[in-house]
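The values are calculated or read from the model by the stated rules, or taken from the named source; none is laboratory data. Treat the numbers as computed from the prediction; the structure is a model and nothing was measured. Cβ placement follows ideal geometry from the backbone for every residue including glycine, while neighbour counts extend to all protein chains displayed. These accessible areas exclude ligands, DNA and RNA; they are computed on the full protein's heavy atoms, side chains included. Shrake-Rupley method; radii C 1.70, N 1.55, O 1.52, S 1.80 Å.
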Amino acid sequence: MLYVTNYDSPVGKILLASKDNQLIGLWIEGQKYYLGNLKEDIQEKDDEIIFTKTKKWLDKYFRGEKPQITELDLAPSGSEFAKNVWEILCEIPYGEVTTYGKIAKKIANKMHKDKMSAQAVGGAVGHNPISIIIPCHRVVGTNGNLTGYAGGIDKKIKLLEHENVDMSNFYIPAKGTAL
């Protein structure tokens, strides 16, 4: 059984999902891949311990504090490749960004390959089931392109501004722009 609860945030209503008292999902209402590929029965249950901890974490984050990802028991579901990408996302410090290309180089090194596709990395970043906490909003295109965010570019911008990222070198891409 999967449990869900809601959290009202400055970027919109958020749905949290848990299984075995681990956080498996955090989606901003209306984002792509909402609920991901969850196939099990879902029941609303607000009093799960992981939900209490996650809501406190989000309260701190939206107050401008810098809670640690390790404070929460996360269990995102995905391929080994995707999990490797999400692990790298967790290393991006507050107020900083990295590029899909840089993540691709790290993944290539980890997998003992000469290179890795930035587009493949982009796919894994876009399917991150625990947005905000696993900070996929901190990934940008090589030339400052604020390319895609499953929650919407407007939400990505709000999150980056909230973290005091200097936005002067970033731009919103025209549709179809590559990573």
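Report Lys106's accessible area, 1.4 Å probe, all protein chains in place, as a number in Å² to the nearest 10.
Approximately 100 Å² of Lys106 is accessible to the 1.4 Å probe.
Could you report the chain's accessible area per residue, 1.4 Å probe, as an integer in Å²?
Computed with neighbouring chains in place, this is 52 Å² per residue.
Of the residues Asp41, Asp73, Asp166, which exhibits the maximal mean-square fluctuation in a Gaussian network model of the chain defined by a 10 Å Cα contact cut-off?
Fluctuation is largest for Asp41.
Can you tell which of His127, His137, His112 shows the greatest fluctuation in a Gaussian network model of the chain with Cα springs below 10 Å?
His112
On the full set of protein chains, 1.4 Å probe, figure out the accessible area of Phe81 and give it in Å² to the nearest 10.
Here the residue's solvent-accessible area equals roughly 50 Å².
What is the gain in length, in nm to one decimal, between Ser77 and Asp20 on full extension, counting 0.36 nm per residue of separation less the C-alpha to C-alpha distance?
Extending this stretch completely gives an extra 19.2 nm.
Pop the C-beta distance of Asp47 and Glu87 into the FRET formula with R0 = 30 Å and round what comes out to the nearest 0.05.
Calculated transfer efficiency: 0.50.
Can you give the extra length, in nm with one decimal, that the chain gains between Thr70 and Glu29 once fully stretched, where that is 0.36 nm per residue apart less the Cα-Cα distance?
Roughly 12.3 nm would be gained on extension.
Where a Cα-Cα gap under 30 Å defines reach, which lysines qualify for Lys45, not counting those fewer than 8 residues away within the same chain?
Leaving aside lysines fewer than 8 places away in the same chain, those within reach of Lys45 are Lys13, Lys19, Lys32, Lys53, Lys55, Lys56, Lys60, Lys66, Lys83, Lys155, Lys156, Lys158.
What aspartates and glutamates sit close enough to Lys106 to cross-link, taking a C-alpha to C-alpha distance under 19 Å and skipping anything fewer than 8 places away on the same chain?
Filter leaves Glu80, Glu87, Glu91, Glu96, Asp114.
Run lengths n ≥ 4 of DSSP H only: what is the helix-derived mean residue ellipticity at 222 nm for the chain, with -39500 (n - 2.57) per run over all residues, to the nearest 500?
When only DSSP H runs of four or more count, the value is -9000 deg cm²/dmol.
Testing the spin-label approximation: label points 7 Å from Cα along Cα→Cβ at Asn6 and Ile153. State their distance in nm.
Calculated label separation equals 2.9 nm.
In segment 28-161, what percent of the accessible surface is made up of carbon and sulfur (1.4 Å probe, ligands and nucleic acids excluded)?
Of all accessible area on segment 28-161, carbon and sulfur atoms account for 48 percent.
Taking a temperature of 37 °C and a viscosity of 0.692 mPa s, what whole-number D in µm²/s does Stokes-Einstein yield for the chain with Rh from Kirkwood over alpha carbon pairs?
197 µm²/s
In a shell of Cβ-Cβ distance under 11 Å around Ile103, excluding Ile103 itself, what net charge do Lys and Arg (+1) and Asp and Glu (-1) give?
+3
Let me know the shape class of segment 33-123, please: from the alpha-carbon gyration tensor, a ≥ b ≥ c as square roots of the eigenvalues, rounded when a/c is under 1.5, otherwise prolate if a/b is greater than b/c, or oblate.
oblate
What is the extension gain from Ser168 to Ala108, computed as 0.36 nm multiplied by their sequence separation minus the C-alpha to C-alpha distance, in nm to one decimal? Don't jump to the answer; show the numbers that get you there.
On the way: separation 60, 0.36 × 60 = 21.60 nm, distance 3.03 nm.
Once the chain is fully extended between Ser168 and Ala108, it gains 18.6 nm.
Quick one: which residues, 5 or more positions from Val140 or on another chain, have an amide H under 5 Å from its amide H? H modelled 1.01 Å from N in the peptide plane, none for Pro or chain starts.
For Val140, the qualifying residues are Thr98, Thr99, Tyr100.
Going by alpha carbons, how many degrees (0 to 90, nearest 10) lie between the helix axis of 100-110 and the longest principal axis of the chain?
80 degrees
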